[in-house]
Structures are given as C-alpha cells and as structure tokens.
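Student: Okay, handing you the structure first.
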Amino acid sequence: MTSRVLTGEHFINGDIACAEGAIAAGCTFFGGYPITPATEVAEHISIRLPRVGGTFIQMEDEIAAMTSVLGGAWTGAKSMTATSGPGFSLMMETIGLAVVTETPCVVVNVQRAGPSTGLPTQGAQADMMQARWGSHGDYEIIAVAPASPQEMFDLTITAFNLSEAYRTPVFIMSDEIVGHMSERVVIPEAGKIRTVSRPRPAGRKDRFRLYRPGPNGVAPMPAIGDGYKIHVTGLTHDEKGYPVMSVETQKEMIERITGKIRNNIDDIVMTESYRLSDADIAVVSYGVSARTSFTAVDEARKRGIRAGMLRLVTVWPFPEKQIRALAQKVKGIITVEINMGQISREVERCAAGRVPTIGVGHHGGAIIPPEAVIDAMEKEVMR
C-alpha cells in the first residue's frame, strides 16, 4: 500500500491536486462518470485510491454516480464525485436527497461554458447560482471557489472537513482554467493536515434518534452496519427518520437543515482582503477571475486609482456581512466573474443601494483580462 499523503513539492494541474487533496482528507470512496474538463480528477483518483485502501467506481451516468456517493457515505466512508455542467445538472435531484438526509459528501464542479454541451474545453463560472438553487425546495449549501492548483488541494480538504462537520454536501466550484492549470503545489506532512470526522452517536442504540441535533445543530451519524435501527428517506421526516406528513414536521426538518449552516456561518465563510484599507473602489471576485482581479488592482494603483479587492473563498453561504461592511466603506463595487451576472446580483443585493455596483463579465470561454476590470474602475472614478 502506498502513502496516502504525498508530502513534498509537485508540479501538477488543479484536477490532480484536487484528487490528492481528497485522498489526504481521508476520502475512501469515489463514484463518478467521465466528463470534460473534470475527467482528470477521476482518472487520477482511480489509480491512487485503491492503493490506499479506498474504492473507485465508474457508474453508467452522473445520476448513478451521485447516488453511489450517498450510498458510500452511509457506509461510513468519506465520499466524493467530480463533474462539469451537464453532469452537475443531472446530479441535482440526488443532491437534494443528500441535503434532506443530511449526508456528508463532496461534489467537484469543474465548470465549463454552457448551456448544454457548450464549450467543453473552455472555462466559465456560470454554474454559481445553480450551486445555490439547483435542487428544489428550501435548503442551505456550502460552496468554495479555488483560485489555484494549490487551493484545489487545500480547499478540497476544507470541503471534506465542512461536509463531515455539518453533515451536508459541499461543492468545490472550480473551472476548466484552474482545473487544467499546472503550478507548484506543496503538500504538507500528514501530521500537519487537519481532518474532521463526522459526529458519531453514543449511548443506547435502541433509543437513538437519527436527526436529533447536537449542541451545534448537527446530529450524530451512524454507519450502516453499526447496529442502529435507522430509517433514511427523502420524505419529510421526524427526528427518528420516519416520514411524517405534517406542516409541523416540515417546519422542524427545514429549520434543522438550514439552521446548522445559518447558525454557524461565521465559522464557515472565508474571504480574503487585498489592499482594502484605503480603497475607494472594491473589486469582488472569486476563483480564476480573482487572479486577474489581483493584477487589475495593482495596475489601477499605479494609475492613481485607489482600488482593493475582496476575494470570496466561500461563495455559499454568501458572505453578506462582509459585503455590507464593504459597501459602507468604499465608493463603488465591481464584481468580476465569467458569466453574465450571477454573484454580482448578490453583491448588489447586499450593497442595498449604498454604493454603485457594476458587473464585469462575459459569456465564457476565456479569462477576463485585467484591462476590462481597470476600464470599469476608470468609468466608476469618472462617474
């Protein structure tokens, strides 16, 4: 058996870094179906996972792949899949099942330009609203947006930790550019990697309630075969897991699955501030678009524009508190993303008319050049 953590410096692309991050986080089950530009995640993990005692299975389609991930999670395994836009769409119903059954798992979306088949080999960031609202009903979700191969490794570990801690699906919203970009990735020693395991039940098995929340709002989760008599269903259910068709039970269930995220939002949301201390104009960006936005901020400073940036590492739940604070401090906000305006609408909502908000984006297929961001800054200064 080979080492689970490949400590050292590596020159690898983001997809491979993601696979290595999953293995380092303790992933032992991957169910997937190949799709550009996420296939390299599955290809790499299909080789590595069996060597460290895990299981890889290629299913007949993305619906089956996502379903297998849930099954793997209920056996006690840390489970994962990776896909892109069309596959992400097919997975949405089962993701809703993961939400309502409070099944921890990680779903990687290496985004490409759509709709439909679109541009399979070219990047975009147009699945961001689908990540939040793609399945039906009321729920909360966690999604992170890596901006580099290093973060593909690091944030995959973070995604597993969040998933296990809160018993919920977590999305890694990458894109073709970051997925296929090769850079130096530093993998630390295993002892320096923090991993989280899901809360496990204690006490008498005959009195166990599958969905009775603990102190942080998260219920402990047994594995199939542990001896607990449990019922897992997508129907509205009570603390025992049994279907109860009532308004009261629906209210209790939805408040539990949304509350465990909403009530811990300060521990979940991650952002990065750059040159914001004296900024007049703030750029809000995430993922690959943040890379060009950093360059735009530095170039704007050279031209006498006091610009700064707030990078969204966590996109869902949305960093509302940080955006509202930013809107009280600057004179304008520019949101940069490779779509026609998705997260920019959330920024506008949170700014609530306090300052002008502008979206810089396009239809997908290429990165947004720094000059496009600077042009928007200059127009804002001249307004």
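The values are calculated or read from the model by the stated rules, or taken from the named source; none is laboratory data. Since this is a predicted model, take the numbers as computed values, not measurements. For neighbour counting, all protein chains shown are included, and Cβ atoms are generated from backbone atoms with ideal geometry for every residue, glycine included.
Student: Just give me the residues in segment 180-224 being surrounded by 12 or more Cβ atoms within 10 Å (Cβ to Cβ) and of a type in the set (D, E, K, R), in sequence order.
Tutor: Those that are surrounded by 12 or more Cβ atoms within 10 Å (Cβ to Cβ) and of a type in the set (D, E, K, R): Glu183, Arg198, Lys205, Arg209, Arg212.
Student: Any idea which residue in segment 285-308 is nearest to the chain's Cα centre (by Cα), counting only those that are part of a loop (DSSP other than H, G, I, E, B) and surrounded by fewer than 24 Cβ atoms within 10 Å (Cβ to Cβ)?
Tutor: Here the residue is Arg306.
Rundown of residues vs (1) surrounded by fewer than 24 Cβ atoms within 10 Å (Cβ to Cβ); (2) more than 22 Å from Met173 (Cβ to Cβ), yes/no style:
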position	(1), (2)
Gly14	no, no
Ala17	no, no
Val41	no, no
Ile45	no, no
Arg48	yes, yes
Ile57	yes, yes
Asp61	yes, no
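Student: Does Thr117 qualify as being among the polar types (S, T, N, Q), touching a helix residue (DSSP H, G or I) at 6+ places or on another chain (Cβ under 9 Å) and within 30 Å of Ala219 (Cβ to Cβ)?
Tutor: no
Student: Within segment 311-339, restricting attention to residues that are touching a residue at least 40 places away in the same chain (Cβ under 8 Å) and over 20 Å from the mean Cα position of the chain (by Cα), which residue is farthest from Thr156 (Cα to Cα)?
Tutor: Checked segment 311-339; the qualifying residue farthest from Thr156 (Cα to Cα) is Lys331.
Student: Follow-up. Being over 17 Å from the mean Cα position of the chain (by Cα), under 19 Å from His180 (Cα atoms) and assigned to a helix (DSSP H, G or I) is true for just one of Ala22, Ala42. Which residue is that?
Tutor: Answer to the check: Ala42.
Student: Next up: Limited to segment 334-350, what total is found for residues that are farther than 17 Å from Ile368 by Cα and either aliphatic (A, V, I, L, M) or surrounded by 15 or more Cβ atoms within 10 Å (Cβ to Cβ) (or both)?
Tutor: 4
Student: Now a separate question. Which residues, taken from segment 1-19, are of a type outside the set (A, V, I, L, M, F, W, C) and in a strand (DSSP E or B)?
Tutor: Gly8, Glu9, His10, Asn13
Student: Picking from Ile230, Ile187, Ile261, which residue would you name as being in the same structural domain as Ala73 (by TED's automatic domain parsing), under 26 Å from Cys27 (Cα atoms) and not hydroxyl-bearing (Ser, Thr, Tyr)?
Tutor: Ile187
Student: Being at pLDDT 95 or above, among the small types (Gly, Ala, Ser) and out of contact with any Pro (no Cβ under 6 Å at 6 or more places or on another chain) narrows it down to one of Gly227, Gly217, Gly259, so name that one.
Tutor: The match here is Gly259.
Student: While we're looking at this one, here's another question. Is at least one residue of segment 225-241 aliphatic (A, V, I, L, M) and crowded, with 17+ Cβ neighbours inside 10 Å?
Tutor: There is at least one residue in segment 225-241 that is aliphatic (A, V, I, L, M) and crowded, with 17+ Cβ neighbours inside 10 Å.
Student: While we're on this one: Which of the numbered conditions does Gly227 fail, given that it passes all the others? Conditions: (1) of a type in the set (Gly, Ala, Ser); (2) on the phi < 0 side of the Ramachandran plot; (3) without any contact (Cβ under 8 Å) to a residue 60 or more places away in the chain.
Tutor: (2)
Student: Kindly establish whether Ala159 is outside any helix (DSSP H, G or I) and crowded, with 23+ Cβ neighbours inside 10 Å.
Tutor: No, not satisfied.
Student: Just one of (1) in contact with a Lys or Arg (Cβ under 9 Å, 6 or more places away or on another chain); (2) at pLDDT 95 or above; (3) among the charged types (D, E, K, R) trips up Asp267, so point out which.
Tutor: (1)
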